[in-house]
Amino acid sequence: MLFGHLQVGDQLTYHDGGCGLTYVATITRDGALEVDGKRYGPPSAPLTDIMGRQRHGWRDWQLADGRQLRQLRRQAYAEILR
């Protein structure tokens, strides 16, 4: 899962400031995201589905420490290129 940076069961959150709602995605065994019992592949798909408009999941999902999913992706790629 993202080259060891995410583990099964890790949770990502997205806070919609306009509505005051927070959404939680859980990483599944196969690396998918599960939100409210529904599984998604790409990280943008659940937010686009929930919000009814295109969202950038790599930017919008965050870990508990505030890091964005795209930051983990960049870090993973940098490690591969070393």
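The values are calculated or read from the model by the stated rules, or taken from the named source; none is laboratory data. Since the structure is predicted, the reported quantities are computational estimates derived from the model, not experimental observations. Here Cβ is always computed from backbone atoms with ideal geometry, including for glycine, and neighbour counts include all displayed protein chains. The accessibility values were calculated without ligands, DNA or RNA, using every heavy atom of the protein model including side chains. Shrake-Rupley method; radii C 1.70, N 1.55, O 1.52, S 1.80 Å.
Residues are listed down the side, and each one gets a yes or a no for (1) of a type outside the set (Lys, Arg); (2) free of Cβ contacts under 8 Å to residues at least 60 places away in the same chain; (3) surrounded by 15 or more Cβ atoms within 10 Å (Cβ to Cβ):
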residue: Leu6; (1), (2), (3): yes, no, yes
residue: His15; (1), (2), (3): yes, yes, no
residue: Thr22; (1), (2), (3): yes, yes, no
residue: Arg29; (1), (2), (3): no, yes, no
residue: Gln75; (1), (2), (3): yes, no, no
(request) Could you tell me which of the residues Gly57, Gly66 is modelled with pLDDT of 90 or more and exposed (fewer than 14 other Cβ atoms within 10 Å of the Cβ)? (result) Gly66
(message) So the check is Cβ under 7 Å with 6+ separation or different chains; which pairs have a first residue in the stretch 32-47 that's small (Gly, Ala, Ser) and a second one that's part of a strand (DSSP E or B) and open to solvent by 60 Å² or more (accessible area, probe 1.4 Å)?
(response) Ala32/Arg39
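Let's see how each residue does on (1) in contact with a strand residue (DSSP E or B) (Cβ under 7 Å, 6 or more places away or on another chain); (2) at pLDDT below 90:
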| residue | (1), (2) |
| --- | --- |
| Gly4 | no, yes |
| Leu12 | yes, no |
| Gly20 | no, no |
| Ala25 | yes, no |
| Thr28 | yes, no |
| Ala32 | yes, no |
| Gly37 | no, no |
